[in-house]
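The values are calculated or read from the model by the stated rules, or taken from the named source; none is laboratory data. Keep in mind that this is a model prediction, so the values were computed, not measured. Cβ sites come from the backbone with ideal geometry, for glycine too, and all protein chains shown count toward neighbours. These accessible areas exclude ligands, DNA and RNA; they are computed on the full protein's heavy atoms, side chains included. Shrake-Rupley method; radii C 1.70, N 1.55, O 1.52, S 1.80 Å.
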Amino acid sequence: MVAFSNDSDRDMDVYESGDATSFQAVQHSAYRPPSGLVRDPSIFKNTDGLYYVTYTTANGANIGFARSPDRINWTSMGTYPVPFCCAFMPGTGDGVGFVNLPGTGSAGSSDGPSLSPFVTKAWAPEWFVDGDRVNVILSLSTGGGFVPYMMTALDPSLGLWGLPVPLAGIGADHIDTTVVKVGSTYHAFTKNETKKIIDHAVASSAAGPYSFVPSGDWGTMLEGPALTQLPNGDWRIYLDAYTENKYLYSDSTDGLHTWSPARELPGLSGTVRHLGVMSE
């Protein structure tokens with residue numbers, strides 16, 4: 001598990017657990033980027049044997065990358081500027097557009113594209129590995145509501161990326177989107193910024209179109225969903241109850257259809273914020 005904390009969003013802490021419930025510190029302040037923040041980190045282990053994180057720098061439309069051989073010693077890979085364009089990024093507007101162009105609704109509405117020509121924020125990047133494709137799901141904004149997009153790595157070193165593609169069907173005012181695949185179905189969990197709940201949507205391809213399905217009864221004022229599959233095949237979701245200063249978790253025994261009541265994560269609740277988790 002990687003996370004920033006209530007004490008610092010410039011330092012990433014690393015934890016591990018044998019049961020996905022009781023976590024112990026591997027290294028506090030394991031990584032501090034050369035500049036910017038290290039919020040919302042996401043971790044995976046690549047085929048080269050190295051661990052990679054991506055994170056929110058909160059420095060314009062840039063996301064950060066770092067890698068490590070042991071989860072303790074991290075090397076910055078620098079920041080990646082998400083391509084600046086608006087006409088090719090439908091749905092990233094601020095809701096004040098003036099031209100009604102199909103498929104380009106600003107902030108997901110029907111009033112046309114944003115007045116801003118640039119993507120101004122790239123937040124909450126999440127790794128999603130689909131077969132031999134390494135992707136990052138990230139939330140983009142041109143000044144208004146966030147919309148989920150997916151970028152695909154074009155080289156094994158993860159330094160070159162394709163243009164962002166929208167996750168069709170999810171729409172604007174959704175942030176902190178993460179995707180997992182169960183069988184042939186793609187499941188997206190995303191924070192609904194209007195209702196402050198975690199929505200659940202499914203699709204037959206990674207880019208959608210997604211359709212919303214009933215989500216867990218976890219309550220409101222939640223963000224930063226992170227999922228992992230447990231050794232017995234069940235799934236666990238972690239949720240940042242940010243206004244209560246708590247971290248919660250909930251389990252599904254039937255392939256992400258129904259969920260147990262949310263419980264507080266022992267030990268780390270009240271300390272970690274918007275964590276990333278992987279099983280190994």
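For the reader, a short list of remarks on this structure follows.
- The number of residues in the range 21-50 that are among the hydrophobic types (A, V, I, L, M, F, W, C) and within 25 Å of L138 (Cβ to Cβ) comes to 6.
- All positions within the range 1-25 that are within 19 Å of T54 (Cβ to Cβ) and in contact (Cβ under 8 Å) with a residue 24 or more places away in the chain: M1, V2, A3, F4, S5, D9, R10, D11, M12, D13, V14, Y15
- Selection over the range 223-280 of residues that are outside any loop (DSSP other than H, G, I, E, B), of a type in the set (A, V, I, L, M, F, W, C) and over 18 Å from K181 (Cβ atoms) gives a count of 5.
- Residues of the range 149-174 that are touching a residue at least 40 places away in the same chain (Cβ under 8 Å), closer than 30 Å to L50 by Cα and either open to solvent by less than 10 Å² (accessible area, probe 1.4 Å) or outside any strand (DSSP E or B) (or both): Y149, M151, P156, L158, G159, L163, P164, L167.
For (1) part of a loop (DSSP other than H, G, I, E, B); (2) hydroxyl-bearing (S, T, Y); (3) at pLDDT 95 or above; (4) surrounded by 20 or more Cβ atoms within 10 Å (Cβ to Cβ), each residue gets a yes or a no:
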| site | (1), (2), (3), (4) |
| --- | --- |
| R10 | yes, no, yes, no |
| S22 | yes, yes, yes, no |
| V26 | no, no, yes, no |
| P41 | no, no, yes, yes |
| G60 | yes, no, no, no |
| S76 | no, yes, yes, no |
| C85 | yes, no, no, no |
| F88 | yes, no, no, no |
| G95 | yes, no, no, no |
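- Selection within the range 33-53 - touching a Gly at 6+ places or on another chain (Cβ under 8 Å) and acidic (D, E): D40
- Qualifying residue in the range 217-237 (condition: open to solvent by 20 Å² or more (accessible area, probe 1.4 Å), within 19 Å of the chain's Cα centre (by Cα) and among the polar types (S, T, N, Q)): yes
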